[in-house]
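Only one structure is covered here, and it is reproduced in the block below.
The values are calculated or read from the model by the stated rules, or taken from the named source; none is laboratory data. The model shown is predicted, which means the values in this text are computed figures rather than measured ones. Because the Cβ atoms are built from the backbone with ideal geometry, glycine has one as well, and the counts that use them run over all protein chains shown. SASA here: full protein model, heavy atoms, side chains in, ligands and nucleic acids out. Shrake-Rupley method; radii C 1.70, N 1.55, O 1.52, S 1.80 Å.
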Amino acid sequence: MTNHSEAAGAPGTEQITLRNPSELAEALPYLLGFKPEDSIVLVALHRGRFGGRVRLGIPERPGDWPSVADEMAKCLIKGCEHKDGTPDGIVAFLCRDPKTTETGRQIMERLQPLAQMLRLACGRLDVPVVETLCISDDHFWSYSCPADECCPPDGTPLAASGTSVMAAAMTYAGIQVRRPLREMRARLTPWQTAAVPEQEHALDAAAMALVPRILAGVPRTEVADETLDLARRVWSRFGHLPTGDDMLETDLRDDEQLAHDEAARLILGLQDRLTRDHAAEWMEGDEAPLALRLWRALARRCVGPYGEHAAAPLTLAGWVAWSLGDRVEAGEALDMALAADPRYVFARLLMEACSADLDPEPVRRSLRKTRDERNVTPSEANSEGAVDGAGAGAAVRAGTGAGAGAGVNGEGTAGRMGAGSPGRPSAGDSREPAEDRVTRALEAALRRRGSRCAGAGKGPAQAGAHAPRRPQGRRRVGRQGTRRDG
């Protein structure tokens with residue numbers, strides 16, 4: 001079998017040599033930082049070292065497999081060319097556990113055509129796939145090895161968790177495997193509990209209270225001030241709660257501290273781009289982890305017809321996670337934000353930047369500059385909640401009748417306030433709008449990177465990067481009627 005090695009730390013530190021498919025299979029969660037589920041994973045090799053990697057969910061329709069294989073191969077190889085040069089080879093993993101009476105071997109056989117498509121797609125770009133493994137039901141199979149002696153037809157059992165050479169070395173280096181992605185996504189998924197009708201009613205009431213105020217010409221800064229001040233009060237409560245390793249308990253405690261009407265007012269308020277961008281300033285220091293917990297909690301409250309409103313808190317969660325160095329959660333949150341609203345520009349740009357392994361510091365600098373230009377220090381921002389009114393206006397859509405919902409679409413174009421409107425700089429104000437500055441910072445960073453191809457991360461924390469998602473236009477029917485997205 002082909003030997004591969006992975007440096008356990010910086011250059012010059014001890015290296016771990018992986019000698020066979022078994023050790024490759026056991027190393028995968030440590031290469032990614034989490035145990036992949038229903039995933040295609042491609043990992044590049046550069047002179048015996050692991051390099052960039054991409055991961056994407058396995059499409060249910062076999063008819064989608066050829067295009068996915070081609071796109072993942074291009075994404076990884078082109079991304080690596082900009083950073084480390086063309087890979088010498090690629091290791092491919094297909095991960096799927098049985099969900100019914102199907103066995104691991106049957107899954108391996110069903111996915112064999114996909115493994116062949118990945119080999120052909122990489123081969124067309126002149127990079128060989130040196131090993132292809134299927135991992136299912138705590139066993140692995142090699143599609144590249146025909147020998148029954150080392151790769152039996154019923155698969156080879158994986159080593160018990162935490163007992164492999166890779167596990168020992170990664171634990172020593174302080175690198176741990178995160179919980180499965182399904183648990184991470186559950187923290188960001190709207191409720192499906194008995195409390196949903198109450199939260200939905202609160203969202204209806206908040207929408208019907210906010211829209212008339214906006215139509216009456218209430219300055220954006222007033223609504224933004226109220227939203228941000230409430231957000232600070234809520235996440236300050238979180239700071240007094242005990243935290244532990246149990247994510248479910250932490251989330252339940254956070255939910256108990258957030259009333260239905262408070263969640264509704266925050267969700268509706270964050271639909272405004274100006275408010276959202278000022279909220280994004282809580283990205284570092286002691287306030288960032290508390291803000292991240294609030295954004296998760298708000299995403300869980302976007303229930304019923306308000307699912308599209310989750311794009312704002314999900315994008316904020318992705319941004320803060322990325323700023324804190326957690327690219328795995330950032331990728332999941334931004335992926336879910338784009339699923340909620342494929343047209344959400346801030347989420348799309350953040351996804352591209354995060355997946356392309358860019359440094360978030362240019363975005364942080366832009367947000368700090370915006371805050372500084374309001375002549376408010378970080379400590380004053382926490383206590384006073386002063387918010388400048390720069391930026392584009394909000395588009396408002398409202399329903400009528402009992403229970404009709406309304407939203408403020410912060411990424412749309414209709415209904416924008418013109419120059420000189422309340423909360424927007426007049427023509428004589430030369431300051432660049434806050435949201436334009438952040439967007440330009442992201443676009444400039446992507447241009448410097450030289451590629452908008454996502455998913456060529458390099459370290460365990462970056463391996464959650466996804467291959468590019470291409471949301472298709474679809475119809476959503478909610479309380480606002482039918483609209484076309486995409």
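Each residue in segment 323-366 was checked for being part of a helix (DSSP H, G or I), charged (D, E, K, R), closer than 21 Å to Pro289 by Cα and open to solvent by 20 Å² or more (accessible area, probe 1.4 Å), and 4 pass. When you check Lys74 against the structure, is it outside any strand (DSSP E or B) and closer than 27 Å to Arg185 by Cβ, yes or no? Taking the combined requirement at face value, the residue satisfies it. When you scan segment 359-381, do you find a residue that is modelled with pLDDT under 85, closer than 26 Å to Ala186 by Cβ and under 23 Å from the mean Cα position of the chain (by Cα), even just one? Scanning segment 359-381 turns up no residue that is modelled with pLDDT under 85, closer than 26 Å to Ala186 by Cβ and under 23 Å from the mean Cα position of the chain (by Cα). Only a single criterion out of (1) under 14 Å from Leu290 (Cβ atoms); (2) outside any loop (DSSP other than H, G, I, E, B) is not satisfied by Pro197, namely (1).
Applying the condition of being under 13 Å from Ser142 (Cα atoms) and of a type in the set (A, V, I, L, M) to segment 108-131 and asking which residue is surrounded by the fewest Cβ atoms within 10 Å (Cβ to Cβ) yields Val130. Name the single residue that is modelled with the highest pLDDT among those in segment 46-66 being surrounded by fewer than 23 Cβ atoms within 10 Å (Cβ to Cβ) and aliphatic (A, V, I, L, M). Going through the qualifying residues, I end up with Ile58.
Residue by residue, here is whether (1) free of Cβ contacts under 8 Å to residues at least 12 places away in the same chain; (2) touching a helix residue (DSSP H, G or I) at 6+ places or on another chain (Cβ under 7 Å) holds:
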| site | (1), (2) |
| --- | --- |
| Arg327 | no, yes |
| Gly331 | no, yes |
| Arg343 | no, no |
| Cys354 | no, yes |
| Glu361 | yes, no |
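Residue check: Arg53 meets all listed conditions (1) under 18 Å from the mean Cα position of the chain (by Cα); (2) assigned to a loop (DSSP other than H, G, I, E, B); (3) charged (D, E, K, R) but one, namely (2). Per the listing Thr315, Thr243, the residue uniquely over 22 Å from Pro362 (Cα atoms) and of a type outside the set (Lys, Arg) is Thr243. Scanning segment 210-226 for residues that are open to solvent by 60 Å² or more (accessible area, probe 1.4 Å) and either without any contact (Cβ under 8 Å) to a residue 12 or more places away in the chain or over 22 Å from Pro305 (Cβ atoms) (or both), we see that the one that is nearest to the chain's Cα centre (by Cα) is Glu226. Candidates in segment 194-209 are the residues that are aliphatic (A, V, I, L, M) and open to solvent by less than 20 Å² (accessible area, probe 1.4 Å); of these, the one that is farthest from Ala264 (Cα to Cα) is Ala207.
So which pairs qualify, if the first residue must be in segment 66-85 and within 11 Å of Leu42 (Cβ to Cβ), the second must be among the hydroxyl-bearing types (Ser, Thr, Tyr), the Cβ gap must be under 8 Å, and the two must be at least 6 apart or on different chains? Within 8 Å, the pairs are Ile77/Thr86; Gly79/Ser451; Cys80/Thr86.
Of all residues being within 20 Å of Trp282 (Cα to Cα) and open to solvent by 70 Å² or more (accessible area, probe 1.4 Å) in segment 238-262, which is modelled with the highest pLDDT? Just the residue, please. The residue in question is His240.
Of the helices (runs of 4 or more DSSP H) contained entirely in segment 227-307, those carrying at least 2 residues that are in contact (Cβ under 8 Å) with a residue 24 or more places away in the chain and either in contact with a strand residue (DSSP E or B) (Cβ under 7 Å, 6 or more places away or on another chain) or over 17 Å from Trp319 (Cα atoms) (or both) fall at 247-256, 260-269.
For the residues Lys99, Lys78, the requirement of being of a type in the set (D, E, K, R), in contact with a Ser or Thr (Cβ under 8 Å, 6 or more places away or on another chain) and open to solvent by 60 Å² or more (accessible area, probe 1.4 Å) singles out Lys78. I want to confirm something. Restricting to segment 190-209 and keeping residues that are of a type in the set (S, T, N, Q) and at pLDDT below 95, which single residue is farthest from the chain's Cα centre (by Cα)? That would be Thr193.
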